[in-house]
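Below: one structure, written as structure tokens.
The values are calculated or read from the model by the stated rules, or taken from the named source; none is laboratory data. These figures come from a predicted structure and were not determined experimentally. Heads up, the Cβs are rebuilt from the backbone with ideal geometry, glycines too, and the neighbour counts pull from every protein chain shown.
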Amino acid sequence: MERKRSSRRYGSGRYRRKSWGQKCKDYFREFIAFMFSNVGIIGLVVGYTIAGAFVFSAIEGGDTPSAGARVRQLRNDTALRLWDLSCCGLNVFSEETWRQSVSKELEAYQQHIVSFIQDGYDITGSGNRSRTLSFSGWFLYSLTVITTIGYGNIAPQTEIGKVVTIIYAIIGMPLFLLYLSNIGDILAKSFKWTYAKCCLCYGCCDGASRRRALRRHQLALQQPASVGAFIGDDWRVQYVVDTEDEAGGDVAVRIERCADGDQGDESSSSGDDERYDPQTVTVPVTLCLAIMVGYICFGAVLFSEWEGWNFLDSSYFCFISLSTIGFGDIVPGKRVISSQEIQLSFIFCSVYLMLGMALIAMCFNLMQEEVVHKTRTCMQALRSMFSCKRRAQRNFQDEDFELPAD
Amino acid sequence: MRSVGGSGVRSSVRSRGSSSTTASDPRERVKDCCRKLVAFMCTQVGVGGLVVGYAIVGAFGFMSVEKDWKNPQNEIVASLHLNCTSDIWTLTTSEFAFNETAWRSEVDRVLKVFQDGFAKAYKEGYNGRTSDELWTFPAALMFCLAVFTMIGYGNVVPKTPLGKGLTVLYAVFGIPLYVLYFMNMGKVLASTFRWLYRRLYECTEDGVGDRDSESSLPPLPATRIIVPSTACLWVMGGYVLTGTIMFAEWEGWEYLDSTYFCVTSLCKIGIGDFVPGANILEALNSGNQTKLVINFVYLLLGMGLIAMCFNLMREEIRVKVRELKTEMRQWLEDIRVRIISSYQRKRGY
């Protein structure tokens with residue numbers, strides 16, 4: 001909110017023809033503040049994830065020293081039991097019964113292998129290391145924890161690891177939400193500015209959007225909190241204001257009439273006819289949805305190239321990751337053999353996720369107003385249906401129904 | 001919109017109380033209470049019922065879609081078994097049968113081949129069960145819950161292309177529905193909690209003599225007694241503790257694992273290494289079905305409690321964030337002034 005106010009102050013200053021030096025200084029100050037409060041957040045999130053990756057690789061990277069030996073021991077025991085079955089038992093003469101008992105032994109052996117694999121031991125070929133996880137793998141894990149995606153292909157095995165995961169999540173999630181709200185704000189503003197520029201070119205500033213812009217100014221004036229990506233805030237505040245609008249039906253008209261004649265300090269929507277604040281443009285919902293779908297398809301193409309999945313699997317993966325569901329059945333890095341490429345694919349996946357969630361935050365920011373407006377009209381329709389029924393039931397005092405809440 | 005509905009009803013009560021001095025008919029009051037109750041049920045419980053219904057419908061849908069999928073790894077493992085057994089039989093009926101060490105080293109080699117093949121099959125997705133054993137109704141219900149609450153455990157996942165496409169569609173419609181439920185539940189629980197807190201506050205104030213008569217709390221619910229965030233945290237902690245004990249007893253997990261599961265589920269992370277019902281698949285009697293229903297309700301209610309905490313703590317958080325921003329701005333101004341003054345000093349030399 002302060003940022004908006006300062007930019008508006010700056011905007012009004014521009015029309016007073018400041019000196020170049022003053023303008024540069026102002027630019028510089030804005031830039032530094034921007035860097036520190038927004039890029040700072042990005043840096044903080046990245047730093048937190050890196051720190052988490054270090055911590056987790058230190059905690060979980062320890063080799064279970066006797067794992068290889070235990071597997072060999074298991075094989076020895078199984079071989080011994082099979083020998084007992086085969087040489088000295090009577091059932092060697094009946095192939096069927098022999099096969100059945102051997103099958104049972106193999107099943108038991110299989111179960112043990114499963115428990116070894118679940119403990120993290122990599123039983124393939126000569127793999128003696130218990131975890132082939134590099135730093136980038138733990139980086140992806142930390143990122144999935146704070147974004148609440150939670151794939152699960154990598155999970156902490158030690159107790160300390162689990163406790164650290166809990167603490168890391170509790171601290172990291174609010175941080176990531178802050179990152180999302182900040183970045184969503186910035187991206188939404190830039191996008192609105194670009195969209196307004198394009199919109200100006202085609203001259204689509206007609207009366208309807210101006211009226212909507214004026215209404216939004218009134219909302220902005222009355223609401224004390226910042227218009228962030230917290231949907232809850234804006235839903236509640238907008239509703240409060242709107243019921244006041246409609247409670248006395250003439251209030252809204254009065255506001256509009258005032259605004260028409262008002263040469264207030266709000267930047268330019270009431271002043272000039274040609275310019276208006278680009279922040280009041282509403283981006284249509286279809287455009288936001290198209291952006292999201294486009295990003296998912298883009299990611300799908302990239303992952304299918306890089307990982308060798310088919311397009312459907314890739315887009316499924318992108319959608320499930322970006323919606324923070326994160327099953328973990330398909331994850332990057334499974335099919336790639338060389339460790340160098342695994343590192344790159346993890347890093348690439350992390351970057352894709354961070355960028356994608358920022359884009360989604362931006363789209364939600366942009367779609368908020370439209371969606372709220374549309375839902376409100378829907379709900380009003382429903383409510384009027386409901387209130388007609390209740391009006392029939394009631395037999396006195398209608399003044400309560402002027403309040404549109406029912 | 002439902003909060004406006006609630007506040008609208010409340011304000012209508014207020015206006016009636018203030019405007020009508022005529023004695024309100026007790027029957028009318030009762031009718032109004034009933035009407036309010038019905039409206040409340042229709043909205044809050046309606047959304048809850050919609051969510052549960054959506055989950056149930058989704059569970060049936062996914063069950064029918066995924067039931068017939070044949071896991072190719074099952075055949076691979078079956079053939080591995082066969083080969084291993086045949087190899088050992090060959091060894092037994094050959095000349096090695098009388099030399100124990102040689103026989104055992106050969107069998108060791110055969111077992112190693114089996115082990116590697118099985119580990120590879122396990123990585124590719126073998127899990128010892130056919131699809132229709134895996135996709136029971138409780139498992140499908142848990143899967144649907146995991147999709148629209150965005151937890152996403154991943155222990156049971158769709159494998160068919162149709163299943164994957166359906167999952168995407170289900171998520172696209174289910175997540176907004178769930179967000180609606182989340183926000184509504186949060187508001188309702190927050191107002192209930194505030195009311196409870198205020199009652200408790202009044203009760204404790206009662207015992208302090210005539211302080212109550214001086215500080216007469218206004219009767220309107222509009223006065224905001226800010227619930228301290230520590231109270232919210234206590235509630236959350238208590239809920240996680242309940243869950244820990246419950247899951248530890250029922251699933252046989254360690255207490256730490258249980259806490260880990262509760263926290264990662266309630267934070268919507270959903271790693272999936274611990275999932276209640278993973279071993280319920282082995283014994284499907286009605287007792288375990290009840291357990292799964294209780295798990296489901298626990299998670300849904302837990303999400304509602306988190307929404308409540310967000311709601312209650314939002315004020316505090318917003319104030320704190322604004323303070324932080326102004327502080328940062330002050331600090332930046334400070335630095336800027338210092339840089340400029342030092343620069344000017346340099347130029348002065």
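Could you go through the range B:151-158 and let me know if any residue there is over 18 Å from the mean Cα position of the chain (by Cα) and either within 11 Å of another protein chain (Cβ to nearest Cβ) or touching a residue at least 12 places away in the same chain (Cβ under 8 Å) (or both).
Looking only at the range B:151-158, we keep the residues that are over 18 Å from the mean Cα position of the chain (by Cα), and these are B:158.
Adding the requirement that they be either within 11 Å of another protein chain (Cβ to nearest Cβ) or touching a residue at least 12 places away in the same chain (Cβ under 8 Å) (or both) leaves B:158.
Checked against the condition, which is being over 18 Å from the mean Cα position of the chain (by Cα) and either within 11 Å of another protein chain (Cβ to nearest Cβ) or touching a residue at least 12 places away in the same chain (Cβ under 8 Å) (or both), the range B:151-158 yields at least one hit.
Within the range B:74-86, none of the residues are buried (at least 18 other Cβ atoms within 10 Å of the Cβ), small (Gly, Ala, Ser) and under 47 Å from the mean Cα position of the chain (by Cα). From the list A:ARG275, A:ARG254, A:ARG335, exactly one residue is assigned to a helix (DSSP H, G or I), basic (Lys, Arg) and at pLDDT below 85. Which is it? It is A:ARG254.
Can you pull out every residue in the range A:166-195 that is touching a residue at least 12 places away in the same chain (Cβ under 8 Å) and at the interface with chain B (Cβ under 7 Å from one of its Cβ atoms)? Within the range A:166-195, A:ALA169, A:MET173 meet the criteria.
So which residues in the range B:130-147 are within 11 Å of B:ALA55 (Cβ to Cβ), touching a Gly at 6+ places or on another chain (Cβ under 7 Å) and more than 9 Å from chain A (Cβ to nearest Cβ)? B:MET142, B:CYS144 - these are the residues of the range B:130-147 that are within 11 Å of B:ALA55 (Cβ to Cβ), touching a Gly at 6+ places or on another chain (Cβ under 7 Å) and more than 9 Å from chain A (Cβ to nearest Cβ). Can you confirm whether A:LEU140 is at pLDDT 85 or above and either facing chain B (nearest Cβ under 10 Å) or surrounded by 14 or more Cβ atoms within 10 Å (Cβ to Cβ) (or both)? Answer is yes for this residue. Can you work out which of the residues in the range A:47-62 that are surrounded by fewer than 16 Cβ atoms within 10 Å (Cβ to Cβ) and modelled with pLDDT of 85 or more is farthest from A:THR165 (Cα to Cα)? Here the answer is A:GLY47. Each residue in the range B:88-129 was checked for being more than 11 Å from chain A (Cβ to nearest Cβ) and touching a residue at least 40 places away in the same chain (Cβ under 8 Å), and 1 pass.
What tally of residues in the range B:60-101 results from selecting those that are of a type in the set (A, V, I, L, M, F, W, C) and touching a Lys or Arg at 6+ places or on another chain (Cβ under 8 Å)?
Taking the range B:60-101 and keeping what is of a type in the set (A, V, I, L, M, F, W, C), we get B:60, B:62-63, B:65, B:69, B:76-78, B:80, B:82, B:84, B:88-89, B:91, B:96-98.
Subset that is touching a Lys or Arg at 6+ places or on another chain (Cβ under 8 Å): B:69, B:89.
So the count comes out to 2.
The residue list B:LEU220, B:LEU200, B:LEU281 contains one member that is at pLDDT below 85, part of a loop (DSSP other than H, G, I, E, B) and of a type outside the set (Gly, Ala, Ser), which is B:LEU220. Every condition in (1) among the hydroxyl-bearing types (Ser, Thr, Tyr); (2) exposed (fewer than 15 other Cβ atoms within 10 Å of the Cβ); (3) closer than 25 Å to A:VAL114 by Cβ holds for B:THR101 except the one numbered (3). Residue pairs whose Cβ atoms lie under 6 Å apart, separated by 6 or more positions or on different chains, with the first residue in the range B:296-317 and outside the structural domain of B:VAL147 (by TED's automatic domain parsing) and farther than 18 Å from B:PRO138 by Cβ and the second outside any helix (DSSP H, G or I) and hydrophobic (A, V, I, L, M, F, W, C), are B:LEU312/B:VAL227.
I'm trying to understand the selection: among the residues of the range B:175-184, which are touching a residue at least 24 places away in the same chain (Cβ under 8 Å) and at the interface with chain A (Cβ under 10 Å from one of its Cβ atoms)?
If the condition is that a residue be touching a residue at least 24 places away in the same chain (Cβ under 8 Å) and at the interface with chain A (Cβ under 10 Å from one of its Cβ atoms), then B:ILE175, B:LEU180, B:PHE182, B:MET183 are the ones that fit.
Comparison of B:LYS70, B:LYS36 shows that the only residue that is buried (at least 16 other Cβ atoms within 10 Å of the Cβ) and modelled with pLDDT under 85 is B:LYS36.
Criterion applied to A:LEU312, A:LEU353 was being loosely packed, with under 15 Cβ neighbours inside 10 Å, modelled with pLDDT of 75 or more and within 24 Å of the chain's Cα centre (by Cα), and the one residue passing it is A:LEU312. When you scan the range B:323-334, do you find a residue that is in contact (Cβ under 8 Å) with a residue 12 or more places away in the chain and either within 27 Å of B:GLU251 (Cα to Cα) or not hydrophobic (A, V, I, L, M, F, W, C) (or both), even just one? No, the range B:323-334 contains no residue that is in contact (Cβ under 8 Å) with a residue 12 or more places away in the chain and either within 27 Å of B:GLU251 (Cα to Cα) or not hydrophobic (A, V, I, L, M, F, W, C) (or both). Is it true that B:ARG314 is over 27 Å from the mean Cα position of the chain (by Cα), at pLDDT 75 or above and of a type in the set (Lys, Arg)? Judged against the criteria, B:ARG314 is not a match.
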